[in-house]
Amino acid sequence: MRAQFVLQEIWIGLRRNLTMTIALVVTVAIAMALFGTGVLLKMQVDKSNNYWSDKVEVSIYLCNKMSANPSCHKAEPTQGEKDQIEAQLKAMPQVADVTAETQQQAFQRARERFKDTPGFSDTIQVGDIPDSFRVKLKNPKEYQAVVAQMQGRQGVDQVINERAILEKFFKILGGLQWAAMIIAAIQVVAAVLLVANTIRLSAFNRRRETGIMRLVGASNLYIQLPFVLEGAIAGLIGGIFAAVLLGFSKVFLLGRLQQNLQFATSLGWLDVIQVIVFAMCFGVVLCALASFLTLRRYLKI
Amino acid sequence: MIHFDNVTKVYSHQSRPALQGVNVAVEKGEFVFLVGPSGSGKSTFLRLILKEERPTQGGIHVAGKDLSKLTNWKIPHLRRRIGCVFQDFRLLPNKTVNENVAFALEVIGKPRRFIRKVVPEVIDLVGLEGKSHRMPDELSGGEQQRVAIARAFVNRPMVLLADEPTGNIDPATSIGIMKVLDRINRTGTTVVMATHDAAIVDAFRKRVVELEDGRVVRDQSRGVYGQAYGGV
């Protein structure tokens, strides 16, 4: 009896302000989708950051015949010079580990890495990537000293700090994340105002019913529940749309990002589902709470 | 059943009190007419019983409960023991007679089986047998008021408050409404009826409490409407 009555009241309420309900659903959907996208981007950045922070290396590329650096004189360093460089690197206090990679190994690795783009991998040749030392740092942030000592040293072509490159990408992603979050926050404010307005209209439309309910001694819960659930259901429908949008977000935004930027870690559907569930709960609670607070103003007990 | 102990009510935006030092005791099973000109405090008196308003001073007891000690949480339980009828009926236009009466029980969570049993009984009691599937706009004013009385009485309240129940109804039909209220009173329900209807007060000869400018100026058992406004 109770459940049927409450559901009937909710249905009447939602149907009577159909346009407001639609506006509310759309706003909630956009807010939650943007919010979720922000969270997903943050998860992506954090995850990649973690992954990379113990994998980023300073790569020291040695001269070879194709080097553009004039100090190389288009010649490879001798084995003695290579050993010297390696010894110097190993002696530095910041360095955790040094691995030498030959042209042959570098070639193999590049082929492997770009195997999905055959047009590119076919054109790679041995010698395109020179011999190099991959230096693992004890603390990835202390790359400066290594870079400074190796830059311009005899036999060294280029010093590339991978972290600096990654940080650029992370900055872009971080910016996207904040943009999404800020727009989401504005949408949340709009959603709260819309809930307040919808519930106010709903309370006005049903003032006869609520007046009689009050008079015959219906409990406050009984009077308020249909309104609060009305808000919550609008929030839930918005959340379902947001879930669909987040699915698109995962496939088209993060999926493309992963393809193009060679992220080592990808967010699985499990992460996305977590975010979706969280966003939906947030939407429902937000709308229910906003309804409840509005009722306190417009529904006299 | 209803005890007003030196009750004064001043509305915040008015300087003149709506009720001033009112002492009235209504016992179980009584029928009381509350009379007096507009603005004399009749509606305030009824609203105080329902705890829709709080007295500025004085104490009110209804059905053995001190209203000043009643928490907001408990107000609905008080109102379940009080039925209300108004001049403007206050029926739900999109529900049938049956549904309007059942609504009062649905919203306090009564089981469906109980509702199905008692609603037809009350509809018969107010004299609307055979009309339970009509919509309010298909009924006359008198019939609509009977529906409102049925709704007020369906939960068997201890007190029935009626605020000008015959105000929108022609005199002949009013007698019928009064007979229904009298029948309810005979079941042991206390009835307090605010009215302007001199003919009815004079015909029924029940207790009369007269208010003027917020004071009780007359409290008379088997009274009449009064010289100043009655007669015509």
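The values are calculated or read from the model by the stated rules, or taken from the named source; none is laboratory data. In this text, all values refer to a predicted model and were calculated from it rather than measured experimentally. Neighbour counts are summed over all protein chains in view; Cβ atoms, including those assigned to glycine, are modelled from backbone coordinates with ideal geometry. Note: areas computed on protein heavy atoms with side chains; ligands, DNA, RNA excluded. Shrake-Rupley method; radii C 1.70, N 1.55, O 1.52, S 1.80 Å.
Only one of these conditions is not met by B:Glu52: (1) more than 13 Å from chain A (Cβ to nearest Cβ); (2) farther than 16 Å from B:Asn155 by Cα; (3) open to solvent by 10 Å² or more (accessible area, probe 1.4 Å). Which number is it?
Status for B:Glu52: all satisfied but (1).
Quick one: would you say A:Leu245 is of a type outside the set (Val, Ile, Thr), open to solvent by 30 Å² or more (accessible area, probe 1.4 Å) and in contact with a helix residue (DSSP H, G or I) (Cβ under 6 Å, 6 or more places away or on another chain)?
yes
Would you point out which residue out of A:Ala218, A:Ala232 is surrounded by 15 or more Cβ atoms within 10 Å (Cβ to Cβ) and outside any helix (DSSP H, G or I)?
A:Ala218 is the lone residue from the list that is surrounded by 15 or more Cβ atoms within 10 Å (Cβ to Cβ) and outside any helix (DSSP H, G or I).
I'm trying to understand the selection: among the residues of region A:136-157, which are open to solvent by 80 Å² or more (accessible area, probe 1.4 Å) and in a loop (DSSP other than H, G, I, E, B)?
Result: A:Lys138, A:Lys141, A:Glu142, A:Gln151, A:Gln154.
Name every residue in region A:3-48 that is closer than 29 Å to B:Ala102 by Cα and in contact (Cβ under 8 Å) with a residue 40 or more places away in the chain, in order of residue number.
A:Val6, A:Glu9, A:Ile10, A:Ile12, A:Gly13, A:Leu14, A:Arg16, A:Asn17 - these are the residues of region A:3-48 that are closer than 29 Å to B:Ala102 by Cα and in contact (Cβ under 8 Å) with a residue 40 or more places away in the chain.
Restricting the first residue to region B:132-153 and requiring it to be within 14 Å of chain A (Cβ to nearest Cβ) and under 15 Å from B:Ile115 (Cα atoms), which pairs with a second residue that is of a type in the set (D, E, K, R) and open to solvent by 40 Å² or more (accessible area, probe 1.4 Å) meet a Cβ separation below 9 Å and a spacing of at least six or different chains?
Every condition considered, the pairs that remain are B:Arg151/B:Arg90.
Does region B:156-176 include one or more residues that are modelled with pLDDT of 95 or more, of a type outside the set (Gly, Ala, Ser) and assigned to a helix (DSSP H, G or I)?
Checking region B:156-176: not a single residue is modelled with pLDDT of 95 or more, of a type outside the set (Gly, Ala, Ser) and assigned to a helix (DSSP H, G or I).
Listed here are the residues, each with its yes/no results for (1) open to solvent by less than 40 Å² (accessible area, probe 1.4 Å); (2) touching a strand residue (DSSP E or B) at 6+ places or on another chain (Cβ under 8 Å); (3) small (Gly, Ala, Ser); (4) closer than 30 Å to A:Gln224 by Cβ.
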{"site": "A:Phe169", "(1), (2), (3), (4)": "no, no, no, no"}
{"site": "A:Leu173", "(1), (2), (3), (4)": "yes, no, no, no"}
{"site": "A:Leu176", "(1), (2), (3), (4)": "no, no, no, no"}
{"site": "A:Met181", "(1), (2), (3), (4)": "no, no, no, no"}
{"site": "A:Ile186", "(1), (2), (3), (4)": "no, no, no, yes"}
{"site": "A:Ala191", "(1), (2), (3), (4)": "yes, no, yes, yes"}
{"site": "A:Asn197", "(1), (2), (3), (4)": "no, no, no, yes"}
{"site": "A:Leu201", "(1), (2), (3), (4)": "no, no, no, yes"}
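Of all residues in region A:65-107, which are open to solvent by 40 Å² or more (accessible area, probe 1.4 Å), in contact (Cβ under 8 Å) with a residue 24 or more places away in the chain and among the acidic types (Asp, Glu)?
Residues satisfying the conditions are A:Glu76, A:Glu81, A:Glu86, A:Asp97.
Would you tally the residues in region B:102-129 being under 21 Å from B:Ser174 (Cα atoms) and either assigned to a loop (DSSP other than H, G, I, E, B) or within 11 Å of chain A (Cβ to nearest Cβ) (or both)?
So the count comes out to 4.
Answer yes or no as to whether B:Glu106 is under 22 Å from the mean Cα position of the chain (by Cα) and closer than 19 Å to B:His77 by Cα. Lay out the reasoning, then the answer.
Values: under 22 Å from the mean Cα position of the chain (by Cα): yes; closer than 19 Å to B:His77 by Cα: yes.
Answer is yes for this residue.
Out of (1) crowded, with 19+ Cβ neighbours inside 10 Å; (2) in a strand (DSSP E or B), what's the single condition that is false for A:Ala33?
Going through (1) crowded, with 19+ Cβ neighbours inside 10 Å; (2) in a strand (DSSP E or B) one by one, A:Ala33 breaks only (2).
Only one of A:Leu194, A:Leu267 is away from every other protein chain (no Cβ under 14 Å), farther than 30 Å from B:Val147 by Cβ and not in a helix (DSSP H, G or I); which? Break it down into steps so the answer makes sense when it comes.
Details: A:Leu194 fails: not in a helix (DSSP H, G or I).
Of the residues listed, the single one that is away from every other protein chain (no Cβ under 14 Å), farther than 30 Å from B:Val147 by Cβ and not in a helix (DSSP H, G or I) is A:Leu267.
Specify the residue that is surrounded by the fewest Cβ atoms within 10 Å (Cβ to Cβ); the eligible residues are those in region B:67-80 that are at the interface with another protein chain (Cβ under 8 Å from one of its Cβ atoms) and modelled with pLDDT of 90 or more.
Looking at residues that are at the interface with another protein chain (Cβ under 8 Å from one of its Cβ atoms) and modelled with pLDDT of 90 or more, I get B:His77.
Residues checked against (1) within 15 Å of the chain's Cα centre (by Cα); (2) open to solvent by 20 Å² or more (accessible area, probe 1.4 Å); (3) within 28 Å of B:Val101 (Cα to Cα):
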| site | (1), (2), (3) |
| --- | --- |
| B:Ala150 | yes, no, yes |
| B:Asp170 | no, yes, yes |
| B:Arg183 | yes, yes, yes |
| B:Met193 | yes, no, yes |
| B:Ala199 | no, yes, no |
| B:Gly214 | no, no, no |
| B:Val217 | no, yes, no |
| B:Val224 | no, yes, no |
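If a residue must be out of contact with any Phe, Trp or Tyr (no Cβ under 8 Å at 6 or more places or on another chain), within 12 Å of another protein chain (Cβ to nearest Cβ) and buried (at least 16 other Cβ atoms within 10 Å of the Cβ), how many such residues does region B:82-98 contain?
Qualifying residue count for the region: 7.
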